[in-house]
Amino acid sequence: MCKGISILKARLKQELFDQYELEQRITSRGAGAQPELHFMYTDPVVQLPVIHDGQLVIYEWGNRGNKESKLPRTGWCRLESLKAGKWRWLSPEKIIIPANFGLEKSVWFQINEGMQGVVVHDEQERPHAYMLTQPASHYYQTMTRHERMPILIDQEI
Amino acid sequence: MIGHVDADCFYVSAERVRYPHLQGMPVGVLGNHGACIIAKSYEMKAAGVPTGMPIWEATPICPKGVFVKRDFRWYEALSRKMLAIVQEASPRVEFYSIDEQFFTTTEHTQEFAGRLQGEILQRVGVPVSIGIAPTKTLAKLISDSSKPFGCGVIHNDRERLALLRDRPVTDITGIARRSAKRLAEHGIHTCEDFANADRAFVRWLLTKRGEDLWWELNGTPVIPILIARPRHKFVSRGGSIGKASCDPQRVHAFVVRNVERLVEALTHYRICCDSLILTLLFTNEPERSLRSSLLGSRADFEALLEAAMYLLPRVWQPRSAYVHYMHVIADGLRPLANRQRSLFEQSQLVDIKHRINNEMGRFVLRSGATLPLVDVYGDAANEYDICDIYGKSCF
């Protein structure tokens, strides 16, 4: 699967930093490396950067802890479930999760463009982003030891 | 004088050309199966990750490391761009390996090397180290010692001796561990020891190849620049089959795949072979290898596959052994045009297959026996293998 993503700081507008308190997410992999922002499903505040209707915004990542909500209590949406119509009642819309790196089982892997996702709305009409997943390729499975992988845009791993 | 251009951590640098944000961070490029690190950045090396380490051992050592799937097509494209730039600077260039070239030059200044280095960085985006010296061996040694992104020139004996001093003999291309051990038994540990050793003794110990290196280290060029790939002594295709297996279908399918790759190479070089060798490496048994003579000189899939299938059960002994590596080797090579045709030869599908694959893509038409390799052919990028890059003089 993919339990976290990283995006280059330079890709996010300053307004988002102020609005979503993103400063604390900034990190770097080395002295000469560009700063990045990490978004993990295990974070206290579970968020994901997404491109929705052409705008780069920050949405809540799935539904991790709200038992009262009708939304699926996960951060991922299986492509097979989506195609089978199991999410139809939530009227999911397609989004892009812009990411430069993904993280699974301690392995950071390169993401060229981003990954696919869906956005659904909860009872208060708040948007929640779910990462779309598919069965992992042999390569991805060897690399991360996970049997599912995100659906990457124009990229095969 | 001879120059040597060597790209710095080439695969990683190539990835940084198209993904500049990888600059400054620890990066590892993963091999054909996604398990092993085949190239790493200096940052990842500094963290203690060696080439060949499995990813699951590397991540605890370098938790901030980023891993990239190899893309040999891209690396080859950049390699050929590098080659073209070196060819602009010199009329005699050897395409030694995907990330290295040798060239002859009348200019032997730091400025010249720096200019060439800058040209490659600007036009290809890949940092290289350059060495210029009287011989190929010295040029390679000085470029290695100038890494990363340095230039070194040897003009005189003083500079040559300074380069050789305290440098282990294994730094010399052509002196592997076994030769180094034999040399060590006679007190020869450094390049300087090697260069100062008695020439006849070196020849006795390491044959002509060793003597050639001795001359080269002492500044006399004896190893020529090869502007065309030397004629093959044999052509081999193979490699790891991923996780070791004793599944007959899977091993059989890999043999078929490698025979297809071999036929592709023979067709490319317009050569045929008199015999085929199959080598299997096992995890729990010693390696085994056998040869089969062909009926006449052949380069077609049917004949080579038949030979390989004859060899497979004979090489795979005992049957319980787990195969993890294999080579299919064409030996007794001769030009296709000069071959003696066999009386039993029938019309071949190879031309049709070659034409379709040339037009539609590699392995579009392939043997049905490779169907069990879902993991290989289900992954679109798995069709390309590093050893299938043509024209290099090394390998």
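The values are calculated or read from the model by the stated rules, or taken from the named source; none is laboratory data. Fair warning: this is a prediction, and the values are worked out from it, not measured in the lab. Virtual Cβ from ideal backbone geometry, glycine too; neighbours counted across all protein chains shown. Just the protein is used for accessible areas: all its heavy atoms, side chains included, with ligands, DNA and RNA removed. Shrake-Rupley method; radii C 1.70, N 1.55, O 1.52, S 1.80 Å.
Residue B:208: which lysines have alpha carbons under 28 Å from its alpha carbon, excluding same-chain residues fewer than 8 sequence positions away? Output for residue B:208: B:136, B:140, B:181, B:233, B:392. Rounded to the nearest 500, what is chain A's calculated 222 nm mean residue ellipticity when only DSSP H runs of at least 4 contribute -39500 (n - 2.57) each, over all residues? So the calculated ellipticity at 222 nm is -3000 deg cm²/dmol. For the protein assembly as shown, the average shadow cast by the Cα convex hull is 31.0 nm², which is a quarter of the hull's surface. What helices does chain B have that are whole DSSP H segments, at least 24 Å long along their own axis by Cα, and with mean Kyte-Doolittle hydropathy of -1.0 or more? Passing helices, by number: B:72-89, B:248-269. With contributions of -39500 (n - 2.57) from each DSSP H run of at least four residues, the per-residue ellipticity at 222 nm computed over chain B stands at -12000 deg cm²/dmol.
Cross-link reach is defined here as a Cα-Cα straight distance under 19 Å, omitting same-chain residues fewer than 8 places apart; for residue B:64 the lysines meeting it are A:3, A:9, A:105, B:40, B:45. Which of B:192, B:15, B:359 ends up with the largest GNM mean-square fluctuation for chain B, with Cα atoms connected below 10 Å? Comparing B:192, B:15, B:359 in the GNM, the peak value goes to B:359. Residue by residue along B:56-66, Cβ atoms of other protein chains within 10 Å of the local Cβ number 4 on average. Computed from the C-alpha gyration tensor, the three semi-axes of the ellipsoid equivalent to segment B:157-255 are 37, 18, 13 Å, from longest to shortest. Packing, as the average of other Cβ atoms within 10 Å across residues, places the peptides B:312-320, B:296-304 in the order B:296-304, B:312-320, highest first.
Within a straight-line Cα-Cα reach of under 19 Å, residue A:70 can be paired with the following lysines, leaving aside sequence neighbours fewer than 8 residues apart in one chain: A:86. DSSP assigns beta bridges within the protein assembly as shown; of those with both partners inside it, close to 85 percent run antiparallel.
What's the average, rounded to a whole number, of partner chain beta-carbon atoms within 10 Å of each residue's beta-carbon in B:22-28?
5
Per residue of A:110-116, other chain Cβ atoms within 10 Å of the residue Cβ number 2 on average. Take each peptide in A:4-14, B:282-292, count the other Cβ atoms within 10 Å of every residue, and average; sorted highest first, the result is A:4-14, B:282-292.
Here the Kirkwood formula, the inverse mean of 1/r across different C-alpha pairs, assigns segment B:1-70 a hydrodynamic radius of 12.2 Å. Annotation: the antiparallel percentage among DSSP beta bridges lying fully within segment B:8-70 is about 50. For segment B:235-388, carbon and sulfur atoms together expose 55% of the accessible surface, with a 1.4 angstrom probe and every protein chain in place.
When both bridge partners sit in segment B:75-218, DSSP labels roughly 60% of those beta bridges antiparallel. Comparing Cα centroids, segment A:1-71 and segment B:135-153 end up 45 angstrom apart. Chain pair A, B: how much accessible area is buried, both chains summed, with a 1.4 Å probe, in Å² to 100? Roughly 2100 Å².
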